[in-house]
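Heads up: the structure comes next, in structure tokens.
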Amino acid sequence: MGSRRLPLTHLLRNSTYPRKRGEVKKNNNDIAGENTMTKAVWAGLIGILALTGAARADDYPSHPITIIVPFAAGGPSDAMARVLAERMRTTLGQPLVIENVTGAGGSIGVGRAVHSPADGYTISFGHLGTHVANGAVYKLNYDLVADLEPVVLLPSNPMIVVSKNAVPATSLKELLDWLKSRPSAATAGTAGAGSGSHIAGVYFESVSGIKLQYVPYRGTAPALNDLIAGQIDVIVDQTSNSINQVRAGTIRAYAVTDDKRLSSAPDIPTAEEAGLKGFHMTLWSGMWVPKGTPKEIVTKLNAAAVEALNDPAVKKQLESQGLEMTPQDQLTPEALGTRQKAEIAKWWPIIKAANIKVD
């Protein structure tokens, strides 16, 4: 039978093998010397590991980075991620590749990121729906706060109430009258149970007294396609997803859920202006990495994202989509972490009271 291998920890704690018969027992000075040597070896190993981690951070990134977008290509999250990825590539010197991982309101994509190595090569891109609401809707095998490290708070997306052109309403008041005349019959597209569009729809119901029949999709891009085609009646959508179709005249807009009109669409009234009080909701976005990612790497990613957001060309492109830029003092990992926790405290009770469940 071959000799048994001893683990490193055993060898370090027992720096000499067991004494043979007749071997002289060591005195206290010998033992003290061995303990000192053992401590020195441990200190050396810890130092090597620290230097290795620092070297990894210094060399980062050495190959392409994956950004997991938990919704379909062509949607608002995908569009924002691609704009930022292209500019961040210039700063980081490596490509940032978008991977669309859809399903379960974005929770599958977030889970993929959570369970990836904490080395900075996988970024979770998401928003209030994926990184707040899903925790109250789905039985997740991860913790949205404990298992993720915030990187940067990204531009926010006010919601907008839109309908297919066949709906016989030209104002929010007329739309509400039409919806109230067919309770639970009018269809509303969502990006899945617990998604931003679903929460916004439920919120819309609670402040207006209407009842909607929800139709879940794998993202708001396919939902918008069906709205244009007349297959569903309404969506409380992200502005950046719908604004171009509103401008093109393929769908109709009634109100935005911000406290002020959009600079990119000043002709669309706020919900307050249109007569619906208390309907305020903005879908902020962010980037996260798996918990345990070295702080130096998080700092590099944050700096690259901030540089991208401050690029005039990027800013113009995002604002043209109806996005509201994040204030400079909020472009930090800490600001994203604080916002996420505050939104969990706000929205989880609302979601649970509305009995939102997986379809």
Residue-wise, which Karplus ³J(HN,Hα) couplings in Hz belong to segment 302-311, taking 6.51 cos²θ - 1.76 cosθ + 1.60, θ = phi - 60°, and x for glycine or proline?
4, 4, 5, 5, 5, 4, 5, 5, 8, 6
Rounded to 5, percent antiparallel among DSSP beta bridges of segment 88-244
50
Do you know the Lys pair count in segment 147-286 for C-alpha distances under 23 Å, with sequence separation 8 or more or different chains?
10
Whole-Hz ³J(HN,Hα) from phi, Karplus 6.51 cos²θ - 1.76 cosθ + 1.60, for segment 253-268, glycine and proline x
9, 10, 6, 10, 9, 7, 8, 9, 5, 6, 5, 7, 8, x, 7, 8
Give the order of 163, 240 when sorted by the count of other beta carbons within 10 angstrom, beginning with the fewest.
163, 240
Could you tell me what percent of the DSSP beta bridges with both partners in segment 157-282 are antiparallel, to the nearest 5?
65
Estimate the FRET efficiency between residue 213 and residue 171 by the formula 1/(1 + (r/R0)^6), using the beta-carbon distance for r and 30 Å for R0, to the nearest 0.05.
0.85
Treat segment 297-359 as a sphere of radius equal to its Kirkwood radius over Cα pairs and apply Stokes-Einstein at 10 °C in a medium of 1.306 mPa s; give the translational diffusion coefficient in µm²/s, rounded to a whole number.
112
Between residue 148 and residues 5 or more places away or on another chain, the pairs with built amide H atoms under 5 Å apart involve 291
Give me the three principal axis extents of segment 157-282 from the C-alpha atoms, as integers in angstrom, largest value leading.
29, 28, 28
Which residue, chosen from 305, 325, 278, occupies the Cα position most advanced towards the positive end of the dipole of segment 275-339, where the dipole is computed from +1 (Lys, Arg) and -1 (Asp, Glu) charges on Cβ about the Cα centre?
278
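Read the figures in this text as sums done on the coordinates, not as results from a lab. Quick caveat: nothing in here was measured; it's all calculated off a predicted structure. With ideal geometry, Cβ positions are generated from the backbone for all residues, glycine too; neighbour counts draw on all protein chains shown.
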